[in-house]
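The structure appears right after this line, and notes come after that.
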Amino acid sequence: MSDRPDFQPSTLVIHSNRSYESQSNSILFPIHQTATYIHESVGVTKGYGYSRGANPTVNALEQAIAAVEGTEHALCFRSGMSAITTLCLALLKAGDHVVLSSVIYGGTTRLFLQVLVNFGVEYTYADTADLAATEAAIKPNTRLIFIETPANPTMKLSDIRAMAGLAHSHENILLAVDNTFLTPLLQPCLSLGADISMLSTTKYIDGHNATIGGSLATHDEEITERLRFVRKIIGSIQAPFDAWLTLQGIKTLPARLAMHCDHAGQIARWLEAHPRVAKVYYPGLDSFPQKALAEKQQKAFGGMLAFELDATTEQSLRFMEALKLCTCAESLGSVETLITNPATASHCDLPLEQRKSLGISDRLIRLSVGLEAPKDLIADFEHAFAVIFGSHA
Amino acid sequence: MKFATRLVHYDPSPDDPFRPMATPIYQTATFEQEHADSFGQYDYSRSGNPTRRVLEDQVAALENGTCAFAFASGMAAVTAATSVLKAGDEILADWDVYGGTTRLFGKILPRRGIGVRYADLSDLASLHAAMTPATRMVFAESPSNPLLRVIDLRAIAAIAHERGLLFAVDNSTMSPYLQNPLDLGADLVIHSATKFLCGHSDVTGGLVVVKDQALADEIYFLQNAEGTALGPMDCFLLLRGLKTLKLRMDAQQQSAGLIARFLEEHASVDTVYYPGLASHAGFAVHARQARGAGSVLSFNAGSAEEAKRIAETTKLFKIAVSFGSVHSTISIPLKMSHASTPLELQASRKIPEDLVRLSIGIEDTDELIADLAAAMEK
């Protein structure tokens, strides 16, 4: 699509992956559910030799993701975690050091603490919302700053431009951003200076809870080739069928995101006004301490929020169970509204003390606002409040 | 129960209310929780998925293991199996392993601080000589790819266990139908499921099977943490392919035996590498530890040019990497599946440049032989 640079994102996600060379005139890209390819002669292929290395359907998804990332280079993986695993194996070696956002998805923490540490990769947590604190965490062997913004689950923001400035003021330090909560459409982190944008495509990119997947995007061709090489070696490439489903999901990404943001804003304001709600964490609220930063680097406030009830942990959990439309389940970014208790789900691997110091209380509730009518979601909350606190809650 | 029965007699849809004969495709990322602070059997498909579970349980049963784990590729399976090692550990591997494996061992594991040494594991003295105090895992294929060398798995397992080492066997050339390395003492069995288990070239996948629960817990942890588990659709396709494993392999192996003999008698062929031939150096060991010779074989064509010419002249044998499928394929390992072998290893690996590897499919045997005979006419 480099010959059509002026299209809007909502056009690109639909047309960037069309197969204009297709002989069949199929509107949808085919599912190349194949492991291997027939060679024309020994060593001569049509660009595809073995699907662990590359696959046309996976490549079509990669083109669509590259289009929304605003780059030429994106690669897809079996999961968000396998994207991060591949990134680390490609860029880091034993003895290297990583600075990690202290508030970050629990699965990322687990990978660094319990897997990569065995391979000799060191890490330090830093409050990446604080430039000086992050700078203080940098060591001579630091090779990567890995941040998540908004951070899962407290919505804490890190300034991507400032982090990029810090990384690039050193030789050999790259900045990678887990952009899963917003996607590049709401936060173009490569334009903001990140070297690598990482997505769990399971979330907003697919949007329908149909697949597990991940992606990495970069402007750097050398990094792309290194990632591609490591992906082929360790076999972490996305599967053709899951890529095809994601390819259908991404077509409605701009439309869905607009609705997710609208609904989340309505729910956040409604919750904040509720007498039984102690605190709401949503970058679009005036009460959010980093609202100015959100306005600076985000195009919208997103579909994720967290809140605490003015209640005990036990009451908070019962409140979650009393909800009918909001489903208790891990994951986020789908058409269904999903609700979780991070302390027992996404962040259960974190030690209690660490959770507390990061503001992840046992009663914290994370909400991924879906596409149901906000009126119905609010009625669902009202019902749950009534169940737990009585009808005059 | 005999193997043919075990291939189809298992619960295809545990806990499914409709009791379908074919395993449902649970194409979902997440699962509703039973309670706000606890999970049911499944919570997130990276961590566990009902379709994947049926596949994993079935392969564990066929390999006489206790737990199996399905991955996005055979190499993802090898990556997970070797991720139980820590910086400072070493792998002792047979020198004739798949090119992608040597690439992992050469390009990734050293960056993790894991060393790899190669030895001729068909020679126990060479195995002993190559061991160091850092050795933690012994890694082999038998028959190996592409030279079909036979490794005495029982003997290696005994030596490995004497020293407290893990023994990992890539069983892709045999499948659980023909060989069960866990029964011979291996600790980890690895499959590229892309090969015989799938059989139709439509899935890229891998499996790790173990017996020991502590090892199973470690592999499970890595499967979840590194996130390379196989997707539900691919699990479904593998389950479907797996049901005909015996039918396919019986047909493929019968043809392979006849083709091996045809090649052995062919005037222009110097050596045929097939463990089903009495002339094969590993014939006796293989007969002791496996129940058939499989359908992958190699031969020397005389020159690199002749190898290329034969590959490009056959009509029924398609030039493609991979093996074990219903389609017959022909490849030049040095230029294809093993081109990924790091250069510094290629010289010591002794893979002849005129080596042609065949994977025999389920086409008519006479037509396959006629196709080869015509291509080999000069």
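Centre-to-centre, using Cα atoms only, the stretch B:29-81 and the stretch B:324-378 are separated by 35 Å. A helix-only calculation puts chain B at -10500 deg cm²/dmol for mean residue ellipticity at 222 nm, using -39500 (n - 2.57) for each DSSP H run of at least four residues, averaged over all residues. Taking every alpha-carbon pair under 8 Å whose residues sit at least 6 apart, the stretch A:238-365 reaches a relative contact order of 20 percent. Secondary structure note: in chain B, about 55% of the DSSP beta bridges are antiparallel.
Once C-alpha pairs closer than 8 Å and six or more residues apart are averaged by separation and normalised to the residue number of chain B, the relative contact order reads 17 percent.
Please report the net charge: other residues with Cβ closer than 15 Å to the Cβ of A:S391, K and R +1, D and E -1. Around A:S391, the charge tally is 0. Which of the pairs A:K203/A:K251; B:K107/B:K335; B:K243/B:K318 have their Cα atoms more than 21 Å apart in this structure? B:K243/B:K318, as the Cα separations exceed 21 Å there. Each other residue within a Cβ distance under 14 Å of B:A130 adds +1 if Lys or Arg and -1 if Asp or Glu, for a net charge of -1.
By the combined test of axial Cα extent (at least 18 Å) and Kyte-Doolittle hydropathy (mean at least 0.5), the qualifying DSSP H helices of chain A come to A:56-69, A:374-389.
Which percent, to the nearest 5, of DSSP beta bridges fully inside the stretch B:15-145 are antiparallel? If we restrict to bridges inside the stretch B:15-145, about 20 percent are antiparallel.
Counting Cα-Cα pairs of the protein assembly as shown in 10 Å increments starting at 0 gives whole-percent bin shares of 3, 14, 23, 24, 18, 11, 5, 2, 0, 0.
Inter-chain neighbour count for A:322-334: the average number of beta-carbon atoms from partner chains within 10 Å of each residue's beta-carbon is 4. Averaged over peptide B:66-75, the number of partner chain Cβ atoms lying within 10 Å of each residue's Cβ comes to 4.
Count Lys and Arg as plus one, Asp and Glu as minus one, and take only other residues whose Cβ is under 10 Å from that of B:S325; the net charge is then +2.
Over all alpha-carbon pairs in the stretch A:58-129, figure out the percentage whose distance exceeds 13 Å. Taking all Cα-Cα pairs of the stretch A:58-129, the fraction more than 13 Å apart is 70 percent. Peptides B:139-149, A:186-196 ranked from most to least packed by the mean count of surrounding Cβ atoms within 10 Å: B:139-149, A:186-196. Would you work out the relative contact order for chain A, in percent, from Cα pairs under 8 angstrom that are 6 or more residues apart? Reported as a whole number, the value is 17 percent.
When each of the peptides B:71-82, A:290-301 is scored by the mean number of other C-beta atoms lying within 10 Å of its residues, the order from highest to lowest reads B:71-82, A:290-301. For the stretch A:242-359, the share of alpha carbon pairs falling in successive 5 Å distance bins from zero is 2, 9, 15, 21, 22, 17, 9, 4, 1, 0 percent.
Peptide A:80-88 has a mean shielding of 4, counted as Cβ atoms of other protein chains within 10 Å of each residue's Cβ.
When chain A is described by a simple charge dipole with +1 on each Lys and Arg Cβ and -1 on each Asp and Glu Cβ, the residue from A:T142, A:T71, A:A60 located farthest towards its positive end is A:A60.
Laboratory data are not the source of any read-out in this text; all were calculated from the coordinates shown. The structure displayed is predicted, hence computed values, not measured ones. Ideal geometry is used to build each Cβ from the backbone, glycine not excepted, and the neighbour counts take in all protein chains shown.
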